[in-house]
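Here the structure comes first, spelled out in structure tokens, and everything after it is commentary.
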Amino acid sequence: MTTITEESVVASVQAGALAGGSRRASKATFDVLDPATEEVLTQVADAGPEDGLAALATAASAQDEWGRTAPRTRAEILRNAFELLTSRSEELALLITLEMGKPLAESRGEVAYAAEFLRWFSEQAAHIGGTYREAPMGGQRLITHRQPVGPSLLITPWNFPLAMGTRKVGAAIAAGCTMVLKPSELTPLASFALAQILTEAGLPAGVLNVVATTDAAGLVGPLMADTRLRKVSFTGSTPVGRLLLRQAADNVLRTSMELGGNAALLVFDDADLDAAIEGTIVAKMRNMGQSCVAVNRVMVQDAIAEEFVARLADRMAGLTMGRGTEAGVTVGPLIDDRQRDKVGALVEDAVRHGARPVVGAEAPAGTGYFYAPTVLTDVPAEARIAREEVFGPVAAVTTFASEEDALRVANDTEFGLVGFVFTRDISRAVRVGEGLETGMVGINQGLVSNAAGPFGGVKQSGLGREGGDEGIEEYLSTKYLALAI
Ligand code: NAD
């Protein structure tokens, strides 16, 4: 067995050319940093607009043949890739920790979650159905058949560099679509590693084409206007999602948008407090709070607020900050200085408006983009943190008196991705679960992500679903055949 080292996992990634596509026109490169040390890990080819168009040309010319492959063939490629990803969990986890910063244990969790999408969609690929119906007036048969949408542009963020890729790529492969995948420039390595694994698993050349760039707008704009493109699937911030929706309108593209969130987590006074504290830690601290389903507003019923805050503060103060590769570390750095400064500014704004810091509320001195796990109480509604996604390790706690109050405040946001409710009363759990204006609800747990569940939001949190039975639908269109008999 070869030893896995930081250098070997970075060196094994072939990020110099389009995966499965033609050579690049641009000779430029950009640095990929380790957010814990601020040191350069490696350089990656910086694709320009002409490289993006070359990737789309490759995807478009591969579409016909790929769309006609047997579903079982696509299923087996995905299944092979699931096995390969799982067998390389250690290497991939280290790669994710190096470019993104999360602790190794969390990166292993991400690899398992990412692999699960490949397994789930391999099972879905062979179950694409159609219908057969007699026309109501007789004399005809109406047949529906599901076909791949066509070449798809997949744009992913930096927070789950591997899983955000497999969630889209798995569904597109199952449906028979070819792809251009554009990962975040902050974490491109996992996507190149994924492309290598899919090639090894049997994915034909040209089906998946990865382009990393420091000029996302310059590369993506021409692709969105190109009539060979038929779909865009985006995970990222709401402002960029809106821009892509406008561009998609001009080219009448199919769209899937997984955008920002502002999750509320409601703890009722009849909740199992141990479960509520653990659920809050998971919902808040996974990925150092840099998750679209991270809880932004922790809302606790009056009678238990004091005990809840004391216990939460205790748990947060007990977390260990450091480089994600080190044993015992439970909190890594934030992705970059911009993100760390934004978190700091939101905390300062809340304190200026009267919030009380119980633990944390500071960025430690030294290298790495760290911000201490923080608990704020008495957070007023005027504070920016009550409305804006913090995307960092800050739990902003407020209290509520009644179920009605809690729902009103929880729904008073433009976002609608996820909510969480902790209660032992099953009727209340269902009532509140149905009353939350979100696409997803976690009940007595701080995690909703599951490849077999439909992930997605309402309101400004987006359109469409990833995973579940719905995930593959985003990449299929319905063909209707009218048959005279
Ligand atoms: P971002 O919107 O800045 O970037 C996301 C991706 O879009 C990156 O690949 C980026 O290079 C690209 N991009 C940026 N500007 C672009 C442009 N003008 N045209 C085309 N592409 C462009 O978001 P981020 O900072 O990487 O990620 C954080 C955001 O993502 C948060 O708001 C978070 O809630 C959201 N997110 C949502 C989900 C979800 O499933 N709903 C999951 C993860 C993250």
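Counting Lys +1, Arg +1, Asp -1, Glu -1, what net charge surrounds Arg424 among other residues with beta carbon under 9 Å of its beta carbon? Walk me through the numbers before you get to the answer.
Values: positive: Arg428; negative: Asp270, Asp272, Asp425.
Residues near Arg424 contribute -2 overall.
Basic side chains Lys and Arg get +1 at the Cβ, acidic Asp and Glu get -1 at the Cβ, and with that the dipole of segment 362-485 about its Cα centre reaches some 200 debye.
Contact order for the chain, expressed relative to its length and based on alpha carbon pairs under 8 Å spaced 6+ residues apart, stands at 18 percent.
Each Lys and Arg adds +1 at its Cβ and each Asp and Glu adds -1 at its Cβ; summed about the Cα centre, segment 280-417 shows a dipole of about 440 debye.
Arrange the peptides 151-162, 62-73 so that the one whose residues have, on average, the most other Cβ atoms within 10 Å appears first.
Top of the packing list down: 151-162, 62-73.
With θ taken as phi - 60° and the Karplus curve 6.51 cos²θ - 1.76 cosθ + 1.60 applied, the whole-hertz 3J(HN,Hα) list for segment 327-334 is 4, x, 6, 10, 9, x, x, 7 Hz, x standing for glycine and proline. The reciprocal of the average 1/r between distinct C-alpha atoms defines the Kirkwood hydrodynamic radius, which for segment 6-149 equals 18.8 Å. Comparing Tyr113, Val252, Ala383 along the charge dipole axis of the chain, the residue lying farthest to the positive side is Val252, per the Cβ-charge model. Classify the chain from the C-alpha gyration tensor, please: rounded if a/c falls under 1.5, else prolate or oblate depending on whether a/b exceeds b/c. Taking the square roots of the gyration eigenvalues as a ≥ b ≥ c, the chain is oblate. Across segment 6-259, C-alpha contacts under 8 Å between residues 6 or more apart give a mean separation that, scaled by the residue count, equals a relative contact order of 25 percent.
Between segment 207-223 and segment 138-176, what is the separation of their alpha carbon centroids in Å? With segment 207-223 and segment 138-176 each reduced to a Cα centre, they are spaced 19 Å.
Return the calculated 222 nm mean residue ellipticity for the chain, to the nearest 500 deg cm²/dmol, obtained by summing -39500 (n - 2.57) across DSSP H runs with n ≥ 4 and dividing by the residue count. Don't jump to the answer; show the numbers that get you there.
Numbers: 15 runs with 193 residues, N = 485.
Result for the chain: -12500 deg cm²/dmol, rounded to the nearest 500.
The alpha-carbon of Lys459 sits under 20 angstrom from the alpha-carbons of these aspartates and glutamates, leaving out residues fewer than 8 places away in its chain: Glu258, Glu388, Glu389, Asp412, Glu414, Glu434, Glu437, Glu470, Glu474. For Ala217 and Glu414, a Förster radius of 30 Å and the Cβ-Cβ distance give a FRET efficiency of 0.80, rounded to the nearest 0.05. In order along segment 347-359, phi translates into HN-Hα couplings of 5, 4, 4, 5, 5, 4, 8, x, 5, 10, x, 9, 9 Hz, rounded to whole numbers, per the Karplus curve 6.51 cos²θ - 1.76 cosθ + 1.60 with θ = phi - 60° and x for Gly and Pro.
Spacing of the modelled spin labels on Ala303 and Ala381, each 7 Å from Cα toward Cβ, amounts to 2.5 nm.
State to the nearest 20 debye the size of the charge dipole of the chain about its Cα centre, where the only charges are +1 on K and R beta carbons and -1 on D and E beta carbons.
On the way: 43 positive and 60 negative charges, 365 e Å.
It comes to approximately 1760 debye.
Using the Cβ of Ala81 as centre and a radius below 10 Å, the other residues enclosed give a net charge of -1, where K and R count +1 and D and E count -1. A straight line joining the Cα centroids of segment 84-118 and segment 408-457 runs 27 Å. Of the cross-linked pairs Lys102/Lys168; Lys102/Lys284; Lys284/Lys342; Lys168/Lys231, those separated by over 19 Å at the C-alpha level are Lys102/Lys168. Descending by average beta-carbon neighbour count within 10 Å, the peptides 113-122, 404-413, 435-444 line up as 113-122, 435-444, 404-413, the highest first.
Nearest 0.05, what FRET efficiency do Glu83 and Ala205 give at R0 = 25 Å with Cβ-Cβ as r?
On the way: r = 21 Å, r/R0 = 0.84.
Calculated transfer efficiency: 0.75.
Whole-Hz Karplus values for segment 368-379 come out as x, 8, 8, 9, 5, x, 10, 10, 10, 10, 6, 7 Hz, taken residue by residue from phi with 6.51 cos²θ - 1.76 cosθ + 1.60 and θ = phi - 60°; glycine and proline positions read x. Note on the chain: dipole from Cβ charges, positive end direction compared against Leu407, Val421, Gly170; the farthest Cα belongs to Gly170.
Readers should treat all values here as calculations from the given coordinates under stated rules, not as data from a laboratory. None of these values were measured; they are calculated from a predicted model. In this analysis, Cβ positions are derived from the backbone assuming ideal geometry, glycine residues included, and neighbour counts consider all displayed protein chains.
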